[in-house]
Amino acid sequence: MSRRITLPPWLAHALRAQRGPVSWSAVTRGALAAGPLLLTAVLLHRTSLGVVAAIAAMLAGINDRPGSRRSAVRRLGVPAAAGALGLLVGTYGGEHLTAVPLTLLLTGLGLVAGGMSAVGTVASGAGTQLLVAAAIGAGMPVAEAGWQRALAFLAGAGWLLVLRLALPTPGAIAGDFRFDGERDAVGAVYDAVADLLDAVGGEAAGPRRAALTAALDHAQDALTGPRLRRYASSAAERRLHAQYAAALPLAEAATALAWAGEPISARAAEGPRRLALAVRANGGTGPLPAPSRSAPALRALDDA
């Protein structure tokens, strides 16, 4: 009798085909990142620097995740700066150190990178690029000086960042497309309020209350990230801040209803869901269904 082999969960997960939505905007940016940089460098007879810039663009693409454009400045820029520093250190270390000191240098950088990875997502990307770029700099036979390689690295990552800031996201170009990530984050708050209202009085109320808190935190981070200009002169930006502020009393009322634990009419969640659609489409909601005002928390929800 043949014996069935059971793989450990971590290995089975790695070998299992993962399916999910394809971010075509990220695919487009990836196609426009390294290839054009390398082609331009070849035409200018600076192929070696083009290779460095293309590598930087590909490494920056690892951190090109969904989110607001403001958060992308930090999410892509900080690891790129760390990678340029690692490339600079690795280049001069490879030129002036023998095998043993160079090994010790890379080991020390590995410890620093590991410590950085424990801080957060952005710091983890920065630590990874610091170590990888240092190893590339130490072993890549390029004629240009270390500072030239570092500048080429920054230019390659900066090109991808420019694409991230300039290109609209497919399907999210209503109004000012520069704020599509922020608009989606604010819309997710209204959706989370509606989900919590649907779960009032049930076992899912606790997890959905936590999901509402996470959505509020994410929206706040998206709206208060690094600014692309000194003053928020865009009407779309001011409107998003107002829409986020309007969601706060809704979230408070929904949380109060969840703590009360008494089931409410499904009509109460229709208003927040329509508001979520309006935020994402940058349009109006039309008449909103008013919930019952039989309890203080329901009156607070209606007022909000």
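Can you give the alpha-carbon Rg of region 86-188 over 2.2 N^0.38 Å, where N counts its residues?
1.45
Angle between the Cα long axis of helix 205-223 and the longest principal axis of the chain, 0 to 90 degrees, nearest 10?
In the chain, helix 205-223 runs at an angle near 60 degrees to the longest axis.
Enumerate the calculated ³J(HN,Hα) couplings along region 33-49 in order (Karplus 6.51 cos²θ - 1.76 cosθ + 1.60, θ = phi - 60°), each rounded to whole Hz, writing x wherever the residue is Gly or Pro.
For region 33-49, the Karplus curve yields 8, 6, x, x, 4, 5, 5, 4, 5, 5, 5, 8, 6, 10, 4, 5, 5 Hz.
Given a 1.4 Å probe and heavy atoms of the protein chains only, how would you sort ILE5, ILE55, largest accessible area at the top?
Per-residue accessible area, sorted high to low, gives ILE5, ILE55.
In the Gaussian network model of the chain, springs joining C-alpha atoms below 10 Å, which of SER48, SER117, SER265 carries the largest mean-square fluctuation?
SER265
Considering the dipole of the chain built from charges on the beta carbon (Lys and Arg +1, Asp and Glu -1) around the Cα centre, which of LEU248, GLY86, LEU275 is farthest to its positive end?
GLY86
Expressed as a whole percent, how much of the Cα-Cα distance distribution for region 52-93 exceeds 14 Å?
Roughly 51 percent, once rounded to a whole number.
Counting trypsin sites (Lys or Arg not before Pro) as exposed when in a DSSP loop with at most 11 other beta carbons within 10 Å, what is the longest stretch of the chain free of them?
20-226
Under the Karplus relation 6.51 cos²θ - 1.76 cosθ + 1.60, θ = phi - 60°, what is the ordered set of whole-Hz ³J(HN,Hα) values for region 98-113, x standing for Gly and Pro?
7, 4, 5, x, 5, 5, 5, 4, 5, 5, x, 5, x, 5, 4, 4
Quote the accessible area belonging to GLU262 in square angstrom, nearest 10, computed with a 1.4 Å probe and with ligands, DNA and RNA left uncounted.
130 Å²
Using only the alpha-carbon atoms, how far is helix 180-199 inclined from the longest principal axis of the chain? Give it as 0 to 90 degrees, nearest 10.
So the inclination is approximately 40 degrees.
So what are the chain's ellipsoid semi-axes, whole angstrom, largest first, if each one is the square root of 5 times an eigenvalue of the alpha-carbon gyration tensor? Can you show the working numbers first?
Working: eigenvalues 427, 124, 62 Å².
Semi-axes from the Cα gyration tensor: 46, 25, 18 Å.
Hey, what do the phi angles of region 116-129 turn into as Karplus ³J(HN,Hα) couplings, whole Hz, using 6.51/-1.76/1.60 and θ = phi - 60°, x for Gly and Pro?
Values per residue, Gly and Pro as x: 5, 5, 7, 6, x, 5, 5, 5, 5, x, 5, x, 4, 5 Hz.
Can you classify region 1-134 as rounded, prolate or oblate using the Cα gyration tensor, where a ≥ b ≥ c are the square roots of its eigenvalues, rounded means a/c under 1.5, and otherwise it's prolate if a/b beats b/c and oblate if not?
Cα axes put region 1-134 in the oblate bin.
Report the Stokes-Einstein translational diffusion coefficient (µm² s⁻¹, integer) for region 7-84, Rh taken as the Kirkwood radius over Cα pairs, at 4 °C with viscosity 1.567 mPa s.
88 µm²/s
Picking from GLY156, ALA26, HIS45, whose Cα lies most toward the positive end of the charge dipole for the chain (charges on Cβ: Lys, Arg +1; Asp, Glu -1)?
Among GLY156, ALA26, HIS45, the one farthest towards the positive end of the dipole of the chain is HIS45.
The values are calculated or read from the model by the stated rules, or taken from the named source; none is laboratory data. Just so it is clear, the structure is predicted and the values come from calculations on it, not from any experiment. A quick note on method: Cβ atoms are made from the backbone with ideal geometry, for glycine too, and the neighbour counts reach across all protein chains shown. What goes into the accessible areas is simple: the full protein's heavy atoms, side chains included, and nothing from ligands, DNA or RNA. Shrake-Rupley method; radii C 1.70, N 1.55, O 1.52, S 1.80 Å.
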